[in-house]
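The values are calculated or read from the model by the stated rules, or taken from the named source; none is laboratory data. Please read these numbers as outputs of a predicted model, since none were measured by experiment. When we count neighbours, we look across all protein chains shown, and the Cβ atoms used for this are built from the backbone with ideal geometry, even at glycine.
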Amino acid sequence: MMHQFKQELKKLKIDNNLRKSLTICNVDKNHILVHGNKKLNFSSNDYLSLSSSSYLKKKYSEGINNFGTSSSSSPLISGKSEVHESLEEQLCAWQGYEAAILFNSGYSANQALIRLLTDQDTLLLQDRLNHASLIEEGILSPSKMFRFKHNDVEHLKTLLDKQFTHKIVITEGIFSMDGDFGNIKEIHNILKPSENEFIVDEAHSVGVIGKEGKGISDFLGIKPNIKVITFGKAFGLSGAAILCDSELKDYFENKSKHYIYSTYMQPALAFALMSALKIVRTDNHRRLKLVQLSEAFHDELSNRFQVVSRDSPIISIITGSNVNAIKLSEFLLHEGFLIFPIRPPTVPKNMSRIRITLNYSHKIDDVLRLAKTLNQYKGTFDAK
Ligand SMILES: Cc1ncc(COP(=O)(O)O)c(C=O)c1O
């Protein structure tokens, strides 16, 4: 009998849903080589263009020279050094939380969080468009999980009526595939602080939104019990932090397997992250440029396109079927733009799309050219 995975691969191919990673080669801040041809990259989450900052590169090298290339141990053995502690303190001061817990990725931070906080008496309510790391761990957890309709507070209210001793609600700051904002204020308003824990994943909103790039909750004057931030996007580096109170941090240090049994963040990375944080906090012009790019793009784009949101540097254009998303992406690649098709299970069925991400180092002329090129596209869409 053919192994299950071979059958699944065959089906993915038939459904135009087989993915293959593309090996690229960086040319400069925005350009990459795809099969030897130079393309303008509109697919990176490097929103503030910090990954190519010469200051940050210098700081990262300085960190490696000072602290070596690895933490070489778990944080509870000998992996945690002063530089990690300084980063934690700076993150807490920036975001207004008692404690920060560092992780090597946002994926593991989210999984660790849900694993640690849930048991069979937990009602876990997640926006149905939450990131895979949150949804997957919710499914694996012993909790009773329900996914409320995207940003639908009325639906969430009905789910909150269920009788459970412990209730957790999780949403995102900016939704990664749609680019719209989470309904954070409305959700916060219906939660009872004594009964419900509120978690917001701000992976795509820190650095991009609000005063000092603190993200959407802060912009709205709301402090979720727990906030997750990641460093592989606006920070131009990698890793993540969970912001919470000191007691939860103590619990993590004692009980979280993801945290305890994993080699800790590179100290050089923690060092570089402190420099990235300084830029994120002070360089407002980078955030402003993203707004200007977005306005210029939307003003130029024909209204025949179904765009999910105009609120953020993530611009999704719905094509409907997988094949239409692939065709549009191939057309754009031919015209010199690298923009990926996004298909199920990353997005719901018949909601395939192309996802454009704006970066600080794009020029107004780049986004105008992109919008004009899209306007010339003759293909059809079958979005429902
Ligand atoms: C909303 C959200 N949370 C978490 C993650 C995972 O973060 P990381 O890339 O650091 O693993 C992502 C990654 O794309 C994301 O979009």
Positions within region 33-60 being free of Cβ contacts under 8 Å to residues at least 60 places away in the same chain and charged (D, E, K, R), in sequence order: K57, K58
Wholly enclosed strands (runs of 3 or more DSSP E) of region 1-110 bearing at least 2 residues among the basic types (K, R) and surrounded by 12 or more Cβ atoms within 10 Å (Cβ to Cβ): 37-41
Residue match in region 238-252 (condition: within 15 Å of H84 (Cβ to Cβ), away from the ligand (no atom under 16 Å from the Cβ) and part of a helix (DSSP H, G or I)): yes
Qualifying residue in region 134-149 (condition: under 18 Å from N196 (Cβ atoms), buried (at least 20 other Cβ atoms within 10 Å of the Cβ) and within 11 Å of the ligand (Cβ to nearest atom)): yes
Some residue of region 197-218 being surrounded by fewer than 16 Cβ atoms within 10 Å (Cβ to Cβ), more than 16 Å from the ligand (Cβ to nearest atom), more than 20 Å from the chain's Cα centre (by Cα) and assigned by TED's automatic domain parsing to the domain that holds S105: no
First in region 131-155 and touching a residue at least 60 places away in the same chain (Cβ under 8 Å), second anywhere and among the aromatic types (F, W, Y), Cβ under 6 Å, 6 or more apart: none
Exclusive hit being surrounded by fewer than 17 Cβ atoms within 10 Å (Cβ to Cβ), polar (S, T, N, Q) and in a helix (DSSP H, G or I), set T263, T158: T158
